[in-house]
Amino acid sequence: MDAPLTPYPYQQKDIEQLVANDGTGIIATQVGGGKTLVAIEVAKHLGTRVNFVIAPKGTHKRAWEKTILRQIPSAEVKYVNSSKKGQEVFSQLEAGEAGWYLISPEFFRSLHWAGIEPDLAVFDEVHRASNRKSKTAKMLHTLKARRRIGMSGTLAGNRVEGFWAILRWVYPEVAGRSFWAWVETYCATKMDYWAGKVVVGEKSPGAIVSGLPVYIRHLKREKCCEFHQEGMDADLPNMMTVERMVSLSAEQKRIYKKMEKDLFVFLDENPLVAEVPVATRIRLRQITLGTPSITDDGDVYFADDCKSSKIDELFSIIEDHPEGEPMLILTHSQRFAEVVSNRLRQKGHTAFEWSGKASQRQRDEALTQFIGGNIQFIVAVISAIGEGTDGLQERASVMVWLSKDDNRLLNEQAMGRLDRRGQKRSVISYEILAEDTYDEGQLSRLIMDQLAMNQSLRLQEPPQG
C-alpha cells in the first residue's frame, strides 16, 4: 500500500476550514485540485463512521477507493448498486453500519433516501443535481445527511439558477424553501412570452457564493487565494490552443447550404428534414462533421467512407506529430466517434471508442491500456468522458476537438482530462472548425457563457475602507 498523501498547504487550510464548520461546505475547485483528498481528510479528522459518496462510476476505483484506502488503510469501501451484493450493502447503509459507501448518480436517483442519515455525504460532480426539477435533485433533497459536501468545478451547471438546487441540499438555511423567493433576492429576470418569468443572470456577480459559510474555490491559472497568486497550476506548462480551420468538402457544403436555406435536403432518394430550429442545429452540426447518410426509416448515420474535411485534418495533425504520439480525440457525436475509430484502425493505428456503447469495465481496461502504451488514440464522446476520468494525462498531452458539445460544462470537464495535475508537458488543444458554419457561432456563444458563469463562481471582493 502506498504511503498516505500529504495535503498541500492550501488543501490543509481547506480541510481545517471544513472541519471547523463540522464538515459541511462547497468545494468548487477546478479539475485537478484534489477535491477527493480534501473530502476524505475531512472525514478522517472528524472520525465519521458512515460515509456516503455519490460520484461518477468511472471515479469509484481509481479515484475514490484508491485514495480512501491510501489515507485510511483500515477503511472498508462498499458499493451500492443493482447487484445482489450491492443490495446487501444498501441494507448495511440503512442499518447505519460503518464504512465508505459509493454509489453512481444514475443508481442514486433510482432509490428513496428517507430515513437514511449518514454521518457525512459527499456528492462529487454535484452539478448533476443543479436542475431543481430533475429526479437527481428531488432524490438528493430527501437525503438528510448530518454533514454535506458538494463538489464541482462547474457547480451551477450552465445556468445561474442551478445554484439553488445545490444549496437547497448543502445549505438549506441559505437557499430557503422557495426557489422564486431566492431568485428575487439574487437573480435578474425577464418575462418571456412562452416561458413566463425566466432568469437571465445574477444581479451582483459573485453574491451567491460570497454569502455561503464555506465556499472553497481554487483556479488553475488565475489568482484565487493567498497560496495561488497565479493559479494552482501556474507551475504546469501553459496549455496552447490551436484553431485549425477547414473548408467543407463540395458535397458537405452543398448539403449544408441547402439545409440552412430550405430546412431539408435529399440524401440519395431520402429526405433529411428539420422542422424546428433545434433540429436544424442538430442537422447542421452533423453535416460539419461529415457527409451524412439516411436510412429509409429516416435514421441519420455516417458511413465509414463518408467524406469529411475534419477527418482529413485530423490525419494531418497526426502526421505533424512524432510517430506514435498518443492523443485524446473528442466529438459530441457517438456515431461520428465510431467512424473516426474505424478510420484510425484501417490506417493501422490502435484506437478505442469511449462512448456509451462501452461498459465501465471496458473503459477501465482501455484506460489501463492507453496509459501503458498499448492504445494510441482514445476517440471520446464528450458527454461520456467529461466527468471523473483520471489518468489520461499520465501519457497524453495532445487533444483534438472534432466538435464541441452544446453543454458548456461538459466541454470544460473534457478539457480537464489532460490539463490537470500529473501532466508533465504543455497540453496542445486543437480545435478543428469548419469555415462559415455553425462551428464558429457555437464557439463564440460558449465563450460568452463561460465568462458570465466565471463571474458568478468568483467570490466578491470585500469593500475597501
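The values are calculated or read from the model by the stated rules, or taken from the named source; none is laboratory data. Fair warning: this is a prediction, and the values are worked out from it, not measured in the lab. Positions of Cβ are generated from backbone atoms using ideal geometry, with glycine treated the same way; all protein chains shown enter the neighbour counts. Just the protein is used for accessible areas: all its heavy atoms, side chains included, with ligands, DNA and RNA removed. Shrake-Rupley method; radii C 1.70, N 1.55, O 1.52, S 1.80 Å.
Here are some notes:
- Integer Hz, Karplus 6.51/-1.76/1.60 couplings in order for the range 418-428, x for Gly and Pro: 10, 8, 7, 4, x, 7, 9, 10, 5, 6, 10
- Put simply, the amide H of TYR79, placed in the peptide plane, has neighbours under 5 Å in LEU102, leaving out anything fewer than 5 places away on its chain.
- Shown here for the range 19-70: trypsin sites (Lys or Arg not before Pro) in loop regions (DSSP other than H, G, I, E, B) with at most 11 other Cβ atoms within 10 Å, of which there are none.
- Net lengthening on full extension, SER293/GLU76 (0.36 nm per residue, minus Cα-Cα): 72.9 nm
- Highest average first, the peptides 402-409, 190-197 ordered by how many other beta carbon atoms sit within 10 Å of their residues are 402-409, 190-197.
- Note on ARG62 and SER316: the extension gain reaches 88.0 nm, defined as 0.36 nm multiplied by sequence separation minus the Cα-Cα distance.
- Residues whose placed amide H lies under 5 Å from that of VAL200, excluding near-sequence neighbours: ALA188, THR189, LYS190
- Cβ crowding within 10 Å averaged over residues, with 199-207, 117-125, 213-221 ranked highest first: 117-125, 213-221, 199-207
- In degrees, nearest ten, helix 35-46 long axis to first principal axis of the chain (Cα): 10 degrees
- Crossing angle, helix 360-371 versus the chain [Cα axis fit, 0-90 degrees, rounded to tens]: 80 degrees
- Global geometry of the range 113-226, whether rounded, prolate or oblate, following the gyration tensor of its Cα atoms and the 1.5 cut on a/c: oblate
- Per residue, the average separation of C-alpha pairs within less than 8 Å and at least 6 apart gives the chain a relative contact order of 15 percent.
- 0 to 90° range, to nearest 10: angle between helix 84-94 axis and the chain longest Cα axis: 40 degrees
- Segments 135-146, 170-181 sorted - mean Cβ within 10 Å per residue, highest first: 135-146, 170-181
- Stretch gain in nm, segment GLN87-MET245, where the contour uses 0.36 nm per residue and the Cα spacing is subtracted: 51.7 nm
- Working note: Karplus 6.51/-1.76/1.60 with θ = phi - 60° gives the range 246-252 the couplings 10, 9, 4, 4, 4, 5, 4 Hz, where Gly and Pro are set to x.
- Per-residue SASA entry for THR350, accessible area with 1.4 Å probe, Å² rounded to 10: 60 Å²
- Three-way shape label, the range 170-229, alpha-carbon gyration tensor, a/c 1.5: oblate
- Distance in nm between pseudo-label sites at GLU226 and ILE371 (7 Å out along the Cβ direction from Cα): 3.5 nm
- Label sites at ASN21 and GLU461, each approximated as a point 7 angstrom past Cα along Cα to Cβ, lie 2.3 nm apart.
- In this structure, the residue pairs whose Cα-Cα separation is over 27 Å, taken from LYS35/LYS78; LYS78/LYS220; LYS57/LYS85; LYS13/LYS135, are LYS78/LYS220; LYS13/LYS135.
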